[in-house]
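The values are calculated or read from the model by the stated rules, or taken from the named source; none is laboratory data. None of these values were measured; they are calculated from a predicted model. Here the Cβ positions follow ideal geometry from the backbone for every residue, glycine too, while neighbour counts run over all protein chains shown.
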């Protein structure tokens, strides 16, 4: 697997501790590190999968292994690379539930300190046909954890022949992130699913269900607009235009949000992505409408 | 520029400010509170309040909440954050309430002295400059004042006649503009104001937008709340609306939303039956 190669797993000792349940499924990313348990607990229903939290190996896999399980939880973070700039969730993402499903919207600016590192990032990524996740925090961490989550969901689907529920997905993600609490992992995801459910999961350990969430430095600006106009009975077009407006207002005032707006609409039939829109046009249209041009 | 007596007062007051601020109970500058230690705040939380002011064809509208907070305690739910300076000038305050109250009085006194000496009112821009220069010696200390001066300039001896809005803060910032919102609740208010404020608003529309903006900010921001004060400054001077409890607004809206949800659910069930 590509991820396996990136994380340099072939050479690490974890490979030897590998407990295969079946040759087809790969446990390479599963840490058979027993977290202090005497032996791996196995559940018959899970096809002999050890009931452990799936922890991917860190950069210095060997030092991770040499540490005893108890010392890991004393809050000694493993050797990490120092951040080149302070993280501040420089983004605007939002999600809300209404009668027509769930809307997820986000801007597309990736900032690194005061630099716009990339003006066309995708902050909303689909996990499967009926689940979409908006990301905020460190771009690298979000990308990694989305991939891990996608993989785990797919594995669950293959093993149990049904899709994991959104609350289950959120719980899984939250437990996977838990070992990294206190480290520099910075991830704040909103899972938007078909069943009109919206769950916010973040690397501090928060896992909240709600009807409306906005995350990031531009979120207060978006909240103002959303609180005003959001109601259950919006039509699809009204909801989409509300989400666009909220992101637009946030990008107008917040320096770390900007460029374009991505919009996803999730219904019982699956997710549907709207064409990306450049907010520069929106700005000029708005100024003209208000007679300020 | 100040008389010698004034200077002495200022020096002693300054000493008191520096020592008293540590024990100041009515301080609004709460330390940044993060929901968890590892996630840094997107912007530093301070000036626990929501005040806003904007210009439009009918003059200037200033609005503010009334919650005075002190690191998580609501020290006073009915504070006054908009303080009139003279008949045509009003200032919204944010920062340390003690500092704001004091400097508002000093500014009012200086403006009155100016009026008596020169026979005309000092313009809003002049008042802003005066306040900014008076605050300058305290730059770098713990003095914390962020005020917007909302006034109407006019009169026979003035060159300019019309509404004016200035933002002055104890860092030394002095900005003229047509829309300002200050405080921890300001981002929430800004997005509402950006949507609705135009030059050609009527007075009623402007009041309703200002109310809505403060209401939304108090809904999301923990340090803003309780009531909303609205002042309107026109050529005739300032007028004050009676204070409104935002709790009523919240329940009214909640009622409306549940009613909407019930209506939609009723429609759905009707369709399902068919």
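Restricting attention to the stretch B:57-71, and to residues there that are over 12 Å from the mean Cα position of the chain (by Cα) and either closer than 23 Å to residue B:242 by Cα or modelled with pLDDT of 90 or more (or both), which single residue is surrounded by the fewest Cβ atoms within 10 Å (Cβ to Cβ)?
Quick first cut of the stretch B:57-71, residues over 12 Å from the mean Cα position of the chain (by Cα) only: B:57-60, B:68-71.
Keeping just the survivors that are either closer than 23 Å to residue B:242 by Cα or modelled with pLDDT of 90 or more (or both) gives B:57-60, B:68-69.
On the way: B:57: 13, B:58: 20, B:59: 22, B:60: 28, B:68: 22, B:69: 24.
For the stretch B:57-71, the residue satisfying everything is B:57.
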**Message:** With the requirement that a residue be within 9 Å of another protein chain (Cβ to nearest Cβ) and closer than 19 Å to residue A:127 by Cα, what does the stretch A:180-192 give you?
**Reply:** A:188
**Request:** Within the stretch A:227-248, work out how many residues are farther than 19 Å from residue A:124 by Cα and either in a loop (DSSP other than H, G, I, E, B) or within 12 Å of chain B (Cβ to nearest Cβ) (or both).
**Result:** 9
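What helices (runs of 4 or more DSSP H) completely inside the stretch B:123-233 contain at least 2 residues that are under 26 Å from residue A:230 (Cα atoms) and within 14 Å of another protein chain (Cβ to nearest Cβ)?
Values: elements: B:124-135, B:186-196, B:203-220.
In the stretch B:123-233, the matching helices (runs of 4 or more DSSP H) lie at B:186-196, B:203-220.
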**Candidates A:168, A:224 - the one that is in a helix (DSSP H, G or I) and within 13 Å of chain B (Cβ to nearest Cβ)** = A:224
**Prompt:** Which numbered condition trips up residue A:177, out of (1) closer than 26 Å to residue A:120 by Cβ; (2) within 13 Å of another protein chain (Cβ to nearest Cβ); (3) at pLDDT 90 or above; (4) within 13 Å of the chain's Cα centre (by Cα)?
**Reply:** (1)
**Prompt:** Could you list, in sequence order, the residues of the stretch A:201-212 that are in a strand (DSSP E or B), within 23 Å of residue A:180 (Cα to Cα) and within 12 Å of another protein chain (Cβ to nearest Cβ)?
**Reply:** A:202, A:208
**Prompt:** Is it true that some residue in the stretch B:147-154 is crowded, with 24+ Cβ neighbours inside 10 Å, farther than 26 Å from residue A:216 by Cβ and modelled with pLDDT under 90?
**Reply:** no
**Of the criteria (1) outside any helix (DSSP H, G or I); (2) more than 8 Å from chain B (Cβ to nearest Cβ); (3) crowded, with 20+ Cβ neighbours inside 10 Å, which one residue A:195 fails** = (3)
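Taking the options A:226, A:263, A:189, name whichever one is buried (at least 18 other Cβ atoms within 10 Å of the Cβ) and free of Cβ contacts under 8 Å to residues at least 60 places away in the same chain. Give the steps one after another, and end with the answer.
Working: A:226 fails: free of Cβ contacts under 8 Å to residues at least 60 places away in the same chain; A:263 fails: free of Cβ contacts under 8 Å to residues at least 60 places away in the same chain.
Just a single option satisfies the conditions, and that option is A:189.
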**Message:** Checking residue A:172 against (1) crowded, with 18+ Cβ neighbours inside 10 Å; (2) touching a residue at least 24 places away in the same chain (Cβ under 8 Å), only one condition comes out false. Which one?
**Reply:** (2)
**Request:** Take the stretch B:236-257 and flag every residue that is in a helix (DSSP H, G or I) and at pLDDT 80 or above.
**Result:** B:246, B:247, B:248, B:249, B:250, B:251, B:252, B:253, B:254, B:255, B:256
**Prompt:** For the stretch A:103-143, what are the residues that are assigned to a helix (DSSP H, G or I) and either crowded, with 21+ Cβ neighbours inside 10 Å or touching a residue at least 24 places away in the same chain (Cβ under 8 Å) (or both)?
**Reply:** A:139, A:141, A:142
